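**Student:** I have a structure here, written as structure tokens, and I will follow up with some questions on it.
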Amino acid sequence: MASTSGPQGMADAPSERPDLRVVQPEDFGIGALFQIIREAVIVANAETERIVLWNGAASSIFGYSEEEALQLPLHALVPESLRDRHRLGIASYSATGHGDLIDRNTILELPALRKDGMEITIEFSLTPIENLNGQGRFALAIIRDVTERVQLDALRNDFVAMVAHDLRSPMSVIAGFAETLSKRWDRLEAEQRSMLLDGIARNVYSLDHLIEDVLQVARLESGQFSYEIEPFDLAALLRRTVAEITRPEGRPEIEVDATDLPLALGDELRNWQILNNLLSNALKFSPVESIVRVEAIQIDNELRISVIDQGVGVAESDVARLFGKFSRVSQGGGKASGTGLGLYICRLMVEAQAGSIGVTSEQGQGSTFFYTLPIAAADVA
């Protein structure tokens, strides 16, 4: 049977080719359900590989309007790497009524292609459907976009593997040092004992930090996290935080520029946590002979706090996901480290105080991490 390859064929023998005229859901016995169903519904003619029905949910997933979709071959929704397999399946179903996917009678998960070229993951069921007003083999697909779930599953798996690794490493050190102390205590010099005990303490702290990050995210996401929102002296908090922060030997100096500021409205303790996280990151990724600056300025009815470093910077492709859950971004080509939860925790805390958080960065030129807080009402002009 001849196939139609373009819009010109739409005028050919409409009575014989149901897909070349205006087709209605009623032609397939699905009526009003077609438009109100939440999932995407697509019906295609296997002989011509033309889409003949397309609902609003399909437009939301794939980005094509109904008018655009009805001009498309079905393979426009299929990534290039799968098109040969797709064409074989369509040809088999058209000729025999059977095909690799349509015969499975189950929910399938495969990549698909949006109008903008973005590859997504869809979950769909595929079934034969009869056109009540004509001949031909048609297939109906009910589709759900599961890209976000698939990405989250992948992130979660990576996170579990990372946590397992990051738990095992300090536990191995603690066990080894403890065993050495237990078996050789009398033969060790006082300095050696002190070194081993210090190593145990450092690794216990590392474990505690990891566990606290995970627990803190659970509390933040479940709403079991309290905030004491009240006016506080932001400039004083910045100076105190910088004075208290542990600065490893050889790390950059930290300068503070925060004068003539009105009172901020927020939780002082949570802001101390946010600042500690941003400063620790800045110190970690900055060269020794550099300066990390902490600045705070008033912009309208907000205070903007910035932590500015001269470090390795962040790739433009990574900036958008920096504040996401489990995001572990390598900087300067180095290996990604940490739980991937620190900036996510900062984001949740800032947003809970009616603020916003962001970053500007250029690889090799440093980064500026910033967030905002409201000004206390009495100080608002």
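**Student:** Sort 37, 122 from largest to smallest accessible area, using a 1.4 Å probe on the heavy atoms of the protein chains.
**Tutor:** Final ranking, largest accessible area leading: 37, 122.
**Student:** Right, something else. Starting from the Cα-Cα distance between residue 207 and residue 181, subtract it from 0.36 nm times their residue separation and give me the gain in nm to one decimal.
**Tutor:** Net length gain for the segment: 7.3 nm.
**Student:** So how do 371, 227, 64, 205 rank on accessible area, 1.4 Å probe, biggest first, that is with the largest at the start?
**Tutor:** Values: 371 0, 227 55, 64 30, 205 150 Å².
The most accessible residue leads, giving 205, 227, 64, 371.
**Student:** How high is the FRET efficiency between residue 171 and residue 91 when r is their beta carbon distance and R₀ equals 51 Å, given to the nearest 0.05?
**Tutor:** Here the calculated transfer efficiency is 0.35.
**Student:** Further, regarding this structure: Just the number, please: percent antiparallel of the DSSP beta bridges in segment 207-299, rounded to the nearest 5.
**Tutor:** Approximately 40 percent, going by the DSSP bridge assignments.
**Student:** Using amide H atoms built in the peptide plane, which far-off residues or other-chain residues are under 5 Å from residue 129 H to H?
**Tutor:** Excluding prolines and chain starts, which carry no amide H, the hits are 138, 139, 140.
**Student:** Using DSSP to call loops (not H, G, I, E or B), can you name the GluC sites (Glu not before Pro) in segment 221-305 whose Cβ has at most 10 other Cβ atoms within 10 angstrom?
**Tutor:** Filter output for segment 221-305: 228, 249, 289.
**Student:** Here's something else I'd like to know. Determine, from the Cβ-Cβ distance of residue 188 and residue 229 and an R0 of 51 Å, the FRET efficiency 1/(1 + (r/R0)^6), rounded to the nearest 0.05. Before the final figure, lay out the partial values.
**Tutor:** Numbers: r = 52 Å, r/R0 = 1.03.
Using R0 = 51 Å, I get an efficiency of 0.45.
**Student:** Which aspartates and glutamates have a Cα less than 17 Å from the Cα of residue 115, not counting those fewer than 8 places away in the same chain?
**Tutor:** By straight Cα distance, residue 115 reaches 66, 67, 68, 80, 145.
**Student:** How far, in nm, would the chain grow between residue 149 and residue 316 when pulled straight, counting 0.36 nm per residue and subtracting the alpha carbon separation?
**Tutor:** Working: separation 167, 0.36 × 167 = 60.12 nm, distance 2.43 nm.
This chain segment gains 57.7 nm when fully extended.
**Student:** Scan around residue 229 for amide H atoms under 5 Å from its own, H built in the peptide plane at 1.01 Å from N, and keep only partners 5 or more places away or cross-chain.
**Tutor:** Correct list: empty.
**Student:** So, counting K/R as plus one and D/E as minus one, what does the shell of residues with Cβ under 15 Å around residue 114 add up to?
**Tutor:** -4
**Student:** Could you work out how far apart the two model spin labels at residue 197 and residue 105 are, taking each label as a point 7 Å from the Cα in the direction of the beta carbon, and quote it in nm?
**Tutor:** Placing both labels 7 Å along Cα→Cβ, they lie 7.2 nm apart.
The values are calculated or read from the model by the stated rules, or taken from the named source; none is laboratory data. Remember, predicted model here, so these are calculated numbers, not experimental data. Every residue, glycine among them, receives a Cβ derived from its backbone with ideal geometry; neighbour counts consider all protein chains shown. Protein only, heavy atoms only, side chains kept; ligands, DNA and RNA dropped before computing areas. Shrake-Rupley method; radii C 1.70, N 1.55, O 1.52, S 1.80 Å.
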